Amino acid sequence: MRARDLAVEYETVSVDSDAMDAARLMAEHKLPGLLVLDARGEPKAILPASQMIKVLLPAYVVEDPTLAAVIDEKHADRLCQALAGRRVGDCLSSKAAPPPIADPDDTALEVAALMAQAHSPLVAVTEKVKAGPGSREQGGTQLLGVITASHLLHELLGSAGALGST
């Protein structure tokens, strides 16, 4: 099976999207992360849900998790206020690497290796788009979809006959 066959539609946001909306999207769809697109619509980063949670926490709790016990529930309910007025780009880690990107013709095993190497819960599948004749612009990429780790695992187990009947 090729990456183009494994790719599915997936929620994306741009670096300029509202951070609170992105957090709601993750929560409502129970997503492990979001694919973040740049201004041209090309994959820029993956915003893991764990990073979004980290943004919600006061820095002193991130540095010393035992201090979380001193925050009462009344104040914990206000943690989401940390996202007010922020953009998705503000929530990306300074160490955020570009997302893993698979070619449409990559095999499932190649996608698995890419995912494992990048320690990523998802891989974007893109294809190069050529600029039109006479155009001065360079061709870009078109997002075909995303392959999630759970979907890939399901496909790999299924093709190996390792899925039980549940």
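Values for this structure:
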quantity	calculated
Estimated inter-spin distance, His29 and Arg2, nm [label 7 Å along Cα→Cβ]	2.5 nm
Lys54-Ser159 pseudo-label distance in nm [points 7 Å out on the Cα-to-Cβ vector]	3.3 nm
Contour minus Cα-Cα distance for Ala68 and Arg86 (0.36 nm per residue)	4.1 nm
Three-way shape call for the chain based on the alpha-carbon gyration tensor, with the a/c threshold at 1.5	oblate
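Taken together, the values in this text are just the output of simple stated rules run on the coordinates, not laboratory data. Here the structure is a predicted model, which is why all the values come from computation and not from measurement. Counting neighbours? That spans all protein chains shown, and the Cβs are built from the backbone with ideal geometry, glycine included.
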